[in-house]
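Please read the structure below before turning to the comments.
The numbers here are math on the coordinates, done by the rules we state, and not lab data. Worth saying up front: this structure is predicted, and the values here are computed from it rather than measured. When we count neighbours, we look across all protein chains shown, and the Cβ atoms used for this are built from the backbone with ideal geometry, even at glycine.
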Amino acid sequence: MQELIGALSLASIYVLFALGMSLTWGTIDILNFAHGSIFMFSAFTAYLALQSTSLSFFVVLLIGVVVGAAMSLLTQVLAFEQIIKRAKDKRSAEMQILIGGIGVAIIPLSIAQHYTKSNPFGFENSSFQVTKITFGDYWVTNVQLITIVLAAVLGIATAWWLRRSRQGLALRSIGVDSEVASIMGVDRRKLALATMAVAGAMAGLAGILLTYSLGAITPESGDTLLVKAFACIILGGVGSTAGVYLGSFLLAAAETVVLTQTNGLWVDAVSFGLIFLVLLVRPSGIFGRKEVRRT
Amino acid sequence: MMDFFDSNVVLVQATFIGLVLALSVQVPLRMGVFSFAGAGSFGIGAYLAGIITIKYETPGIVAVLITMVVTAVIGLLLGLVISRLAGLYLAMATVAFDLIISVLAINGGELTGGPTGLYGVLSDFGTIHLVIVTLVVLALVAASEIGRTGRRVDAVRDDPELAASVGISVRRYRLVAFVVSGALGGAAGAMNILVRSTVTPQDIGFGLIVLALTMIIVGGARSWKGAVLGAVIFTWLPELLTIVGDWQPLIYGIIVALAAIFLPRGIHGLWVDSRRALQRRRREKAAGGAAGVAGDDDDDSGSTVIEKLKESSEMEATP
């Protein structure tokens, strides 16, 4: 039961992180490899801000959200839009975006590594204290609780927005056929920017929450999370919000089981193995739409 | 010359190993298979060559050949399993394959040395062997870029349906891509441990994929010349960048991002494109002069058709 709470809060971090990736990949065809760096650098910026002054929990969260959104927007405008403009077809654009993302990801990573000397950094100066809430034999920290609630609320809000609002419909139409969508008056560029901003904001949020909940994170933690988020997305199905949830919970549960049963070094193999397995057995994921291009 | 060689022998070795690694990712890419399995084969190759050298004291060149056969077979099996995937899905499956190899290396216990890796692998494999193996491999890869094979490979990449319709077995070519990638990656990994005598799980992680990819993207993905350019640039660039200290990765990242945006076909592609553009301009000038002398509209249009034909045949000839 105690493990279940831990798995649930871990899954919620995965949801917040992977939801943005899944959203951009499933709709505007951008698999952003800088997503992990954006996640890490948002927390790192908050850490820098906390060096000079003590800030409350909400200010720190706000910093993470704003920095994440801004970095994601910058990546889109300076790198991905330029690549799409120059690419001759969709396939080569996809590949250039992947490589461009890898390049962009190195930049914030090396800045953070330079200042922290690759040591973990945390929010010691924050006025917010992590406390345990006990009920019966079990406990949950306030950060874990906030993470779980935020992941649930934001996930449902995203799913609702995608399904019910006009912009959500427009965004999904881009995912199906961007040319027809633009004929129907959908402004692809504006929607792409908005989607990237939302994705970045959620990554920043996840960065702040994970740093609070673990106490400290390393500059390299973004890379690991990127592969794990990938596993979550593949597991559930690209572009499906419910899929991200299911994938995240399955991965977090599997990792918790492995962590409690073995010496811990095998944990990373779980996500890589799951990616492999799902791609083989059901490439479109559990909730994925059937898509010809995929297999 | 000898002084330069002696003082930079590690970098010279790294250049050749980097080249073989880059080719292991480039060959499948040239056949339209977005596979990073070469990096995983590098890991398998490094550990396998290290283990057989320690246990059986195999001569260096034999160890490399055994490793290449094993990684080629693993490549074939991997290809049989995942060749039905395409694009980014295939890419991520191979990334997962690579990372599983590094997790296996960490958890291999005494056989792989766990997180500290293998060390003290002493072998008679020297720089001269390294150079010979690399040149043989390079010659074979270069041979696959010209003539019939070269055109078939281009067809399989650019238009698989068309290739299949003219009787090229696309599936077989894709499987060959996996086999060759496995053998090349294995060779690079084996040679790496035999000349450096050590390997750790960190050496075969995500960074290796990024390195191989950046080499061929910046150098050029369509030709072995691009791989050579990339291997030279990214082995020696860190040397040149020592002045900027630990800001080195930052510059590295900026270069990769800029290359992805502005040089989608790499430095080699830029060279090919500019040479072609120059030729075209020169020919247009010559054709313009000829048309001016003839002073006839019909002649003019006739010459452009011939030119287009010439140009298209030229495009087929140069990969």
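Listing for the model above:
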{"quantity": "Positive-end extreme of charge dipole, the protein assembly as shown - chosen from A:20, A:146, B:115 (charges on Cβ)", "calculated": "A:20"}
{"quantity": "Cα pair distances exceeding 17 angstrom across the stretch B:187-248, given as percent", "calculated": "54"}
{"quantity": "Karplus (6.51, -1.76, 1.60) ³J(HN,Hα), θ = phi - 60°, over the stretch B:32-38, in Hz, Gly and Pro reported as x", "calculated": "x, 9, 7, 10, 9, 4, x"}
{"quantity": "Cα-based radius of gyration of chain B once divided by 2.2 N^0.38 Å, which approximates compact folds", "calculated": "1.14"}
{"quantity": "Evaluated at q = 0.23 Å⁻¹: base-10 log I(q)/I(0), Debye formula over Cα of the stretch A:112-161", "calculated": "-0.88"}
{"quantity": "The protein assembly as shown: projected area of the alpha-carbon convex hull, averaged over directions, in nm²", "calculated": "32.9"}
{"quantity": "Inter-label distance, nm, simple model (7 Å from Cα along the C-beta direction), residue B:258/residue A:176", "calculated": "4.3"}
{"quantity": "Unsatisfied cross-links (Cα-Cα over 30 Å) in the set A:88/B:225; A:88/A:190; A:90/B:225; A:132/A:228; A:228/B:55", "calculated": "A:228/B:55"}
{"quantity": "Cα gyration tensor shape of the stretch B:151-280, rounded if a/c is under 1.5, else prolate or oblate by comparing a/b with b/c", "calculated": "oblate"}
{"quantity": "Under 5 Å, built H, 5+ apart or other chain: amide partners of residue A:30", "calculated": "A:25"}
{"quantity": "Dimensions in Å of the stretch B:32-127 - Rg and Dmax from alpha carbons", "calculated": "14.7, 42"}
{"quantity": "Point-charge dipole on Cβ atoms (K/R +1, D/E -1) for chain A, about Cα centre, debye to 20", "calculated": "960"}
{"quantity": "From phi via Karplus (6.51, -1.76, 1.60), per-residue ³J(HN,Hα) for the stretch A:136-146 in Hz, x at Gly/Pro", "calculated": "x, 8, 10, 9, 9, 7, 4, 5, 4, 4, 4"}
{"quantity": "Net length gained if the chain between residue A:129 and residue A:169 were fully extended (0.36 nm per residue, minus Cα distance)", "calculated": "10.3 nm"}
{"quantity": "FRET efficiency, residue B:132 to residue B:236 (Cβ-Cβ, R0 35 Å, nearest 0.05)", "calculated": "0.95"}
{"quantity": "Longest site-free stretch - chain A; sites: trypsin sites (Lys or Arg not before Pro), DSSP loop, at most 10 other Cβ within 10 Å", "calculated": "A:118-289"}
{"quantity": "Calculated from backbone phi, Karplus (6.51, -1.76, 1.60) coupling profile of the stretch B:166-180 in Hz, x at Gly/Pro", "calculated": "9, x, 8, 7, 4, 4, 5, 4, 5, 5, 4, 4, 5, 5, 4"}
{"quantity": "Volume of the Cα convex hull of the stretch A:10-78, divided per residue and given in Å³", "calculated": "94"}
{"quantity": "Gained length - residue B:171 relative to residue B:8, 0.36 nm times residue gap less alpha-carbon distance", "calculated": "54.4 nm"}
{"quantity": "Built amide H within the under 5 Å cut-off of residue A:266, gap 5+", "calculated": "none"}
{"quantity": "Cβ neighbours within 10 Å from other chains - mean over B:243-253", "calculated": "4"}
{"quantity": "Estimated distance in nm for a label pair at residue A:53 and residue B:54, the labels positioned 7 Å out from Cα along Cα-to-Cβ", "calculated": "5.6"}
{"quantity": "Unit charges on C-beta of K, R, D, E only; dipole of chain B, Debye", "calculated": "500"}
{"quantity": "Inter-probe distance in nm under a simple model that places probes 7 Å from Cα toward Cβ, at residue A:90 and residue A:78", "calculated": "2.9"}
{"quantity": "Distant-in-sequence amide H partners of residue B:125 (H built 1.01 Å from N, under 5 Å)", "calculated": "B:60"}
{"quantity": "Span from the the stretch A:2-53 Cα centroid across to the the stretch B:145-190 one, whole angstrom", "calculated": "39"}
{"quantity": "Extension gain, residue B:161 back to residue B:273 (0.36 nm per residue minus Cα-Cα distance, nm)", "calculated": "37.7 nm"}
{"quantity": "Separation between Cα centres of the stretch A:137-180 and the stretch B:34-95, rounded to whole Å", "calculated": "40"}
{"quantity": "Rel. contact order, % - alpha carbon contacts under 8 angstrom, at least six apart, chain A", "calculated": "34"}
{"quantity": "Shape of the stretch A:62-219, Cα gyration tensor, a/c cut at 1.5", "calculated": "oblate"}
{"quantity": "The stretch A:131-239 shape via C-alpha gyration tensor axes, a/c threshold 1.5", "calculated": "prolate"}
{"quantity": "Using a Förster distance of 22 Å, the FRET efficiency for residue A:137-residue A:262 (Cβ separation, nearest 0.05)", "calculated": "0.30"}
